[in-house]
Amino acid sequence: MNQVSRIPLAQLPTPFYKLNNVSAVIGRNVFIKRDDMTGVSLGGNKVRKLEYLLAEAKEQGCDVVITTGGAQSNHAMLTAACCRMLGMEPILMLKKRGVMGRKGNLLLEALMDVDVRFVDTPSYDVVYKEMDKLAEELRAQGKKPYLIPVGGSVPLGTVGYVDCAREIFEQAKAANVKIDRVICTAGSGGTLGGILLGTMLYGEGAKVTGIAVCDDPFEEITEELVNECAKILGVDVSITKEDVDVRRYYGAGYALPSREGLAAIQLMAQKEGIMVDPVYTGKTFAGLLDMCAKGEIKEGENVVFLHSGGAASLFAIDPEDVVEA
Ligand SMILES: *Cc1c(COP(=O)(O)O)cnc(C)c1O
């Protein structure tokens, strides 16, 4: 396998253990992978992708990092935090969509004294044009900007989730557990892509299910990320979109709390003392619970729930403000 440049940013390995109380309630063996504990800011999945993306930025001699997301983007906040660790200058070009004001991730960005700008558009294509324009201006000033698209879900960032899958199967092996399925969120696709590729490499036949929290074509997105990431790693793996298992549990839409998500957040909080969030991980855990209720995840199955973070949004979006689908 190819050696890919990486800057260590996360505290690894993140914990992996069985959720005994949840398992007892739903009659399945549910394990959790705590990527909400990656150790930068409030933690979360984007740190693993940034280990590769910012390594490339450093290698290219870049000093400014520009990225995007919604107003409450966890990815944008974690990019800023990782840039602070590395002494690089973050600029966030956020879509003016979602909860604004000094709340959640925007509050954390204010504390980190980050240059946050807003583009009033629903379209990332419009934002990317603005990012390109800004990059040109910065280059004219003698700076070297590095641009990261939404969620860091490019093939290089996806390598971070191949690492996570390897960790999961190593930890499961050490605990004498044979994993049947890994469940993770699909928000921009890199996490699902990396987990799927890593599970094909290290998972001994385990299944992977992505829970979509927005209305994007994740089968196609994941196919491309897996195949391109495999090329970076130099592994002989290639998939088609039929190999990607995606279930849709976004309710009324991206970042709109769902009734099932609220119930899942409450179950996790009340049985395990673990916080999942209204945008990503609450809906993903709701998907896991629904698949158990429908018998798609069978009694006795060993299933891993990847907790990808998102805590900050609990302080911007009240999960009880359910929007009916
Ligand atoms: C970004 C994010 C996800 C989704 O990961 P993708 O790689 O973008 O699909 C899941 N959970 C949290 C908390 C996130 O911030």
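The values are calculated or read from the model by the stated rules, or taken from the named source; none is laboratory data. Remember, predicted model here, so these are calculated numbers, not experimental data. All Cβ positions, glycine included, derive from the backbone under ideal geometry; neighbour counts span all protein chains shown.
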>> Against the definition (modelled with pLDDT of 95 or more, buried (at least 16 other Cβ atoms within 10 Å of the Cβ), within 24 Å of Tyr17 (Cα to Cα) and within 13 Å of the ligand (Cβ to nearest atom)), how does Leu306 come out, yes or no?
In response: yes
> Going by the conditions given, is Arg166 surrounded by fewer than 19 Cβ atoms within 10 Å (Cβ to Cβ), under 15 Å from Leu306 (Cβ atoms) and away from the ligand (no atom under 16 Å from the Cβ)?
Replying inline: yes
> In region 1-18, what residues are surrounded by fewer than 19 Cβ atoms within 10 Å (Cβ to Cβ) and over 21 Å from Met112 (Cβ atoms)?
Replying inline: Met1, Asn2, Gln3, Val4, Ser5, Arg6, Leu12, Pro13, Pro15, Tyr17, Lys18
> Residues of region 72-90 being within 16 Å of the chain's Cα centre (by Cα) and away from the ligand (no atom under 13 Å from the Cβ), which ones?
Replying inline: Ala80, Cys82
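So that you can scan it fast, the table gives a plain yes or no per residue for (1) over 22 Å from Gly70 (Cα atoms); (2) touching a strand residue (DSSP E or B) at 6+ places or on another chain (Cβ under 9 Å); (3) not in a helix (DSSP H, G or I):
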residue	(1), (2), (3)
Val235	yes, no, yes
Glu242	yes, no, no
Ala263	yes, no, no
Gly282	no, no, no
> How many residues are part of a loop (DSSP other than H, G, I, E, B), within 13 Å of the ligand (Cβ to nearest atom) and in contact with a Lys or Arg (Cβ under 9 Å, 6 or more places away or on another chain) when one looks only at region 183-213?
Replying inline: 1
> Pick from Arg28, Arg48: which is buried (at least 18 other Cβ atoms within 10 Å of the Cβ) and under 30 Å from Gly295 (Cβ atoms)?
Replying inline: Arg28
>> Just to be sure before I move on: is Lys178 closer than 13 Å to Val304 by Cα, more than 15 Å from the ligand (Cβ to nearest atom), free of Cβ contacts under 8 Å to residues at least 60 places away in the same chain and out of contact with any Leu (no Cβ under 9 Å at 6 or more places or on another chain) in the structure I sent?
In response: no
> What tally of residues in region 92-120 results from selecting those that are touching a helix residue (DSSP H, G or I) at 6+ places or on another chain (Cβ under 7 Å), within 23 Å of Ala57 (Cβ to Cβ) and not in a helix (DSSP H, G or I)?
Replying inline: 8
> Can you name the number of the only condition in (1) more than 14 Å from the ligand (Cβ to nearest atom); (2) under 30 Å from Ala175 (Cβ atoms); (3) in contact (Cβ under 8 Å) with a residue 24 or more places away in the chain that Met93 fails?
Replying inline: (2)
> With respect to Ala135, is the statement that it is of a type in the set (A, V, I, L, M, F, W, C) and either crowded, with 19+ Cβ neighbours inside 10 Å or touching a residue at least 40 places away in the same chain (Cβ under 8 Å) (or both) true?
Replying inline: yes
